[in-house]
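The next block holds one structure in the form of structure tokens; read it before the comments.
Taken together, the values in this text are just the output of simple stated rules run on the coordinates, not laboratory data. Remember, it's a predicted structure, so these values are computed and weren't measured experimentally. All Cβ positions, even for glycine, are placed from backbone atoms using ideal geometry, and neighbour counts span all protein chains on display.
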Amino acid sequence: MRTMRFELAAACWLLAAGAAFGQQATPPPEPGQNSSLTRPADEGTVDFGFRATAYGDESDRARYQRYRDLRDGVFVDGFRWSKADDRHFWELRANRVGYRDQDYVANYNRFGRLKASFAFSQIPVFFSDVSRTAYATASPGTLTLGSAPILVQGGAATSAIYNTLATPFDLRLTRSITDVRFAYNATANLGLSAWLKNIQKKGEQPWAGTFGFSNAVELPGPVDTRTTDLGVAAEWTGARGSARVGYDGSFFSNNITTLVWDNPLRSTDSPTAGPAHGRESLWPNSDLNTGSISGLLRLGEASQATAFVSLGTLSQNDALIPYTINTALAPPALDRATADASARLTATALTFNSRPAPSIWLNARFRSYDFDNRTPEFHVANTVAYDTSVAAFAEGGTSPYSFTRRSLDLEGSWTPVVHGALRAAYTRETVDQTFRTFDNTTENTLRLSADGTGVHGMTVRAVYEHSERTGSGLDEQSLDDIGEQASLRQFDLSNRKVNRFSTVVLFAPTSSLSFNGTAFVVRDTRPDTGFGLLDNQGDGVAAGADYVPSDKLSLGAVYQFERYSTLQKSRQANPGAQFDDPTRDWTTSGRDHAHTLTASADLLKLWPKTDVRFTYDYVHATSAYVYALTADTTLPPVSQLPELFNTRNRLTADARYTITPHVGAGVVYWFERYEIDDYAFNPSTLNAVALPSFISLQATYRPYTANTVWGRMTVSW
């Protein structure tokens, strides 16, 4: 289900920024960094209490908790402590202590000299609480089915045996992130910085293995990876500019690089019926090292230029697995034992902006990225299909894909009056690439916008964008070589024309009442595509209102509707006469609709010492895929798929009562109802572990109804 939301808050921010195109945005603080020192010299708070959730019958508890941990029990949800004096600032924060979504932050700032921060957080992913599997983990990366395949191959049992052998388990994955940062001002002009981020993923996720279309397997895929990112930099700042030299590295390691699993239908290898086991490579270990130089130069009072250049290398050299695990086949020899994969990366960015007059702002930016693949060709004369047969490989080897992307942006704004601005921008992007159907693609984009602000309480922005992408060096033979239709065009590089229009309107008739609305239209056509994505369209509207008569009452609501449609074309054909038969053509029309309603109410101190907040969210989205045949079709009639839909209602209420200046009590209530109908993952579809030709995890899409209540105390000092 695709739901593309556009937020009114973001649109309002764009309107506010329109009056000052040349202003540099302030970057957000890094994770864990303090962004405000306005607190008292010594301050602390802690929230604690009890939480419980009641679910409706057959509710999908995993989906309700997908990226959070809402277990029942005692919690410490918000510990805060900070201390400041004229020279130093300290801060400690802890949230959801002991739960799977816990996070901790520590900050230190010696003003003008040293900043240090530490942050640790966890993000759980709860896939399913009704998963079942007959596979057992014999060792990391090895999944077995015991003696059951012997019975199935010998005819003593059918694949239904895996329904009785399957045991339930929670399918979970956890991401743990540690982030440490330092910034030290060695002198008034020289600053040094260093950072280290470690991301660890552990657990299991839905994974696919197959021995052919008639023997597909869904597995609890093991995940045990670590990504370590680090960087150091030195920056010199002077009256007319700055210069920075830095190093960044990223190192990925996987403790399970190969997955082996039992074939549910066989216990011995056969050159025709298939192997007893499946095997595939998982994510390989890899290293990325990058050095960069950047600088900023102020050119008088109204202009400045920046430059950035980075050089890097990307490499991985894991051992390669053989073509097949089937011992009944003689596998072709590998061209080499390890991947020996590497690439050289070069990135540049140059900008110049100027305000030659108070009403005129100009900006120019050039960017380039070069991915130079240095991996030697891997020669492949023969390969193994479905672990059952050795066959010639028509392409003869691998194709080390490389590309260079360059983009030029020119933009300017003119503010002839205080309440109005006009803006124009032009972008030209070229991509040179190897081993694709087009050697080169060029896209030209023109953007025009007009702003009107503060006239009779109304602010308006209108934006129009037109872009055209064309390719050159078309090699239709490359498609024919791999058995594709010569008129097939991949969506990311096919010729296309795109027109976009959007508008934002804000109206504030009084200081306490405001209305807002947005609308957009997108039309994307691919006139030269024979097969593939032919058309992509979208449009939407939104309207909202805010009423804030005092600092005690705030009401707001926003409704938005979005609609998207696509048209794709294909041909059902085997090699031979069918391949060129247009009566075997078929199309797919995709239609997505989404309705979203958000409302909120803040009632602050309407009753003594009491704050109450309400929010309500409603989302209803539908998708449909309609298949059509030609008038003279020779294909059998189409059986249309049912429409998909999902609906979510969510109500939250938060009431807090101040007992004393340092002690407060509160109650939080969440109500959430989720409804879904998806023909592919309904419990009625995946009603058993062993289905015809498919061994399932039974990780289905199910609705849920949940009521969560917190009782909490807040103590401050």
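Overall form of region 343-419: prolate. Here a/c, set by the Cα gyration tensor axes a ≥ b ≥ c, is 1.5 or more, and a/b is the larger of a/b and b/c. Only DSSP H runs of four or more residues enter the estimate; each adds -39500 (n - 2.57), and after division by the residues of the chain the mean residue ellipticity at 222 nm equals -1000 deg cm²/dmol.
Subtracting the Cα-Cα distance of Tyr247 and Met458 from their residue separation scaled by 0.36 nm leaves 71.1 nm. Here region 82-208 is assigned +1 on the Cβ of each Lys and Arg and -1 on the Cβ of each Asp and Glu. Its dipole about the Cα centre then comes out at about 440 debye.
Return the FRET efficiency for the residue pair Trp90, His662: r is the Cβ-Cβ distance, R0 is 25 Å, and the value is rounded to the nearest 0.05. Kindly include the intermediate steps, with their values, before the conclusion.
On the way: r = 20 Å, r/R0 = 0.82.
It comes to 0.75.
Over the Cα atoms of region 201-294, the radius of gyration divided by the Kirkwood radius equals 1.33; this is the Rg/Rh ratio.
Computed from label points 7 Å out along Cα-Cβ, the spacing between Arg591 and Leu422 is 4.2 nm. Near Ile256, the amide H atoms lying under 5 Å from its own belong to Asp224; only residues 5 or more places off or on other chains count, and H is placed 1.01 Å from N. Sequentially through region 76-86, phi angles give Karplus couplings (6.51, -1.76, 1.60; θ = phi - 60°) of 10, 8, x, 8, 9, 9, 8, 8, 9, 9, 5 Hz, Gly and Pro residues having no value and appearing as x.
Pair-distance distribution of region 151-211: all C-alpha pairs, bin width 5 Å, starting at 0; shares per bin in whole percent are 4, 10, 10, 11, 11, 8, 8, 7, 6, 6, 5, 4, 3, 3, 2, 1, 0.
Can you give the FRET efficiency to the nearest 0.05 for Thr383 and Ser139, using r as the Cβ-Cβ distance and R₀ = 30 Å? Each step should come with its number before you reach the end.
Working: r = 28 Å, r/R0 = 0.94.
Plugging the Cβ-Cβ distance into 1/(1 + (r/R0)^6) gives 0.60.
Compared with the direct C-alpha span, the chain from Ala680 to Ser368 gains 108.1 nm at full extension, assuming 0.36 nm per residue. Under a 5 Å amide H cut-off, with hydrogens placed 1.01 Å from N, Phe694 pairs with Ala216 among residues at least 5 apart or on other chains. Near the amide H of Lys605, within less than 5 Å, lie the amide hydrogens of Thr610, Asp611, Val612, all on another chain or at least 5 residues away, with H placed in the peptide plane. Remark: spin-label model distance Ser550-Arg68 equals 3.2 nm, labels positioned 7 Å along the Cα→Cβ axis. Once you reduce region 73-114 and region 380-408 to the center of their Cα atoms, the two points are 52 Å from each other. Enter the angle in degrees (range 0 to 90, nearest 10) between the Cα long axis of helix 8-17 and the first principal axis of the Cα atoms of the chain, meaning the one along which they spread out most. Compared with the principal axis, the helix lies near 60 degrees. Centre-to-centre separation between the Cα atoms of region 520-571 and those of region 288-352: 36 Å.
For Thr348 and Thr187, the FRET efficiency from 1/(1 + (r/R0)^6), where r spans their Cβ atoms and R0 equals 35 Å, is about 0.75.
With 10 Å bins beginning at zero, the pair-distance distribution over Cα atoms of the chain amounts to 2, 9, 15, 23, 25, 16, 7, 2, 0 %. Convex hull of alpha carbon positions in region 314-364: directionally averaged projected area 6.8 nm². Computed from backbone phi with θ = phi - 60° and the Karplus coefficients 6.51, -1.76 and 1.60, the 3J(HN,Hα) list for region 321-338 is 8, x, 4, 8, 9, 6, 6, 7, 10, 8, x, x, 6, 6, 5, 7, 7, 10 Hz; x is used for glycine and proline. Here the Karplus curve 6.51 cos²θ - 1.76 cosθ + 1.60, taken at θ = phi - 60°, turns the phi angles of region 412-418 into couplings of x, 9, 10, 10, x, 10, 4 Hz, with x standing for Gly and Pro. Stokes-Einstein, applied to the Kirkwood radius of region 379-428 over Cα pairs at a viscosity of 1.306 mPa s and 10 °C, places its translational diffusion at 96 µm² s⁻¹. The distance between label points at Leu334 and Thr178 comes to 3.2 nm (points 7 Å beyond Cα on the Cα→Cβ vector).
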